[in-house]
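Visitor: Encoded as structure tokens, here's the structure I'll be asking about.
Laboratory data are not the source of any read-out in this text; all were calculated from the coordinates shown. Bear in mind the structure is a predicted one, so any value in this text is a computation, not a measurement. Neighbour counts run over all protein chains shown; Cβ positions are idealised from the backbone, glycine included.
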Amino acid sequence: MLNAVIHNFQDQLEYSANLSDESSWVEFYRRLWPDMIAAIRIDKNSKFQQWGIDREILLRNGKRFSIDEKKRKMDFADILLEEWSVCEFDFAQKKVISGKKIGWALDPDKRCDFVAYAIQSSGKCYLLPFELTRQTCIHNFPKWKANPFWYPKAAKNKGYTTVNVAVPFAEFRIRLCEQMHRRFGSETSLPLPYKNKQILLFDHGQSA
């Protein structure tokens, strides 16, 4: 079903950037990384925001992670994967007329390490490795978009429309795991096992 509610972009931005849940975000990250020394929130318009970075996490050992934070009010047991952030959409025909700005799920210029996808009503937050998520979407969008219950989920804003695919999280998780397991070359092109009298590093699953 199409979403015919007209959203105000500024209202949505303020909802996403609401500082009332800042302590919850910080606690969430601290549980993930107990040695965290800073969780820097990036609110101002900048290159970081253009790259989809809302947060920088700094660890005591010098590691740092960049995160895109997304919030959703209700839990529908799915994840909204944005195909177009800005587009012209024909609601009568239920199709995109022209895309203006690619959605976050497919954006090749997005530079965050993770997407933190929080669902407030159920207290869930999915921490998604972004590039793996993007590759999963590239490979599976054609199939997902063929399901009329999942696509298109179009939201009107003032002057443009955002279009998403609503994929059940159970399905998304399966495809994400599949994307992690890819065949490397072929049996004829793989390097030969290394052997000598003292060492057997690899022998088709046999131990030395």
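Visitor: Given a Förster distance of 30 angstrom, what is the FRET efficiency for GLN120 paired with ILE40, based on the Cβ-Cβ distance and rounded to 0.05?
Guide: On the way: r = 22 Å, r/R0 = 0.75.
Using R0 = 30 Å, I get an efficiency of 0.85.
Visitor: Of TRP25, TRP51, how do they rank once you tally other Cβ atoms within 10 Å and put the fewest first? List each step's numbers first, then the result.
Guide: Values: TRP25 20, TRP51 15.
Ranking TRP25, TRP51 by Cβ neighbours within 10 Å, fewest first, gives TRP51, TRP25.
Visitor: Scan around CYS125 for amide H atoms under 5 Å from its own, H built in the peptide plane at 1.01 Å from N, and keep only partners 5 or more places away or cross-chain.
Guide: ILE119
Visitor: May I pose another question? What is the gain in length, in nm to one decimal, between VAL26 and ARG60 on full extension, counting 0.36 nm per residue of separation less the C-alpha to C-alpha distance?
Guide: Details: separation 34, 0.36 × 34 = 12.24 nm, distance 1.56 nm.
Extra length from VAL26 to ARG60 when fully extended: 10.7 nm.
Visitor: Going through the cross-link list LYS70/LYS101; LYS94/LYS143; LYS44/LYS94; LYS101/LYS156, which pairs have a Cα-Cα distance over 25 Å in this structure?
Guide: In this structure, LYS44/LYS94 exceed 25 Å between Cα atoms.
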